[in-house]
Amino acid sequence: MNLRSDDRFVEDEGWHLAAERYENFLRARKNQRILFLELGVGYNTPGIIKYPFWQMTAKNPSAVYACVNYGEAVCPKETETRSICIDGDIGTVLADLR
C-alpha cells in the first residue's frame with residue numbers, strides 16, 4: 001500500500017482504502033499468532049514497514065518477525081528469539097525455500 005513518488009508517498013483514494021483494510025487486518029489479529037514478513041525493506045524509510053513490524057512483534061508475544069534482505073537483515077535484541085533474519089538475495093532465498 002506504500003508507493004513512493006519522488007520524495008513523498010502517493011496517497012490517493014486507493015491508498016486510503018488499502019490503508020483501512022490493512023488497519024482492519026491488524027486490529028482483527030491483535031495478540032494472535034502472526035508472521036510479520038519483511039522482504040527487501042532497507043533503511044530508506046524504515047518508519048513505514050520495518051519499525052512498525054518491530055514494534056508489533058515486541059508487543060505481541062505470539063508474533064514472529066521474519067526479514068529477508070541482502071546486507072540489512074537485522075532485528076532488535078528484544079525480539080531476537082522470535083525473529084528470523086536471512087541475509088541474502090530475495091529471489092535466491094525464495095527459490096531455495098521452494
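General observations
- Yes/no for Ile49 being modelled with pLDDT under 95, surrounded by 13 or more Cβ atoms within 10 Å (Cβ to Cβ), touching a strand residue (DSSP E or B) at 6+ places or on another chain (Cβ under 8 Å) and among the aliphatic types (A, V, I, L, M): yes
- Taking the criterion of being of a type in the set (Ser, Thr, Tyr) and either loosely packed, with under 11 Cβ neighbours inside 10 Å or not assigned by TED's automatic domain parsing to the domain that holds Phe53 (or both), the only residue of the range 78-98 that qualifies is Thr81.
- Taking the chain as the region of interest, the strands (runs of 3 or more DSSP E) fully inside it that hold 3 or more residues being touching an Asp or Glu at 6+ places or on another chain (Cβ under 8 Å) are 63-68.
- Qualifying residue in the range 10-30 (condition: at pLDDT 95 or above and of a type in the set (S, T, N, Q)): yes
- Test result for Thr57, of a type in the set (S, T, N, Q) and either surrounded by 13 or more Cβ atoms within 10 Å (Cβ to Cβ) or in contact with a Leu (Cβ under 8 Å, 6 or more places away or on another chain) (or both): yes
The values are calculated or read from the model by the stated rules, or taken from the named source; none is laboratory data. The model shown is predicted, which means the values in this text are computed figures rather than measured ones. Counting neighbours? That spans all protein chains shown, and the Cβs are built from the backbone with ideal geometry, glycine included.
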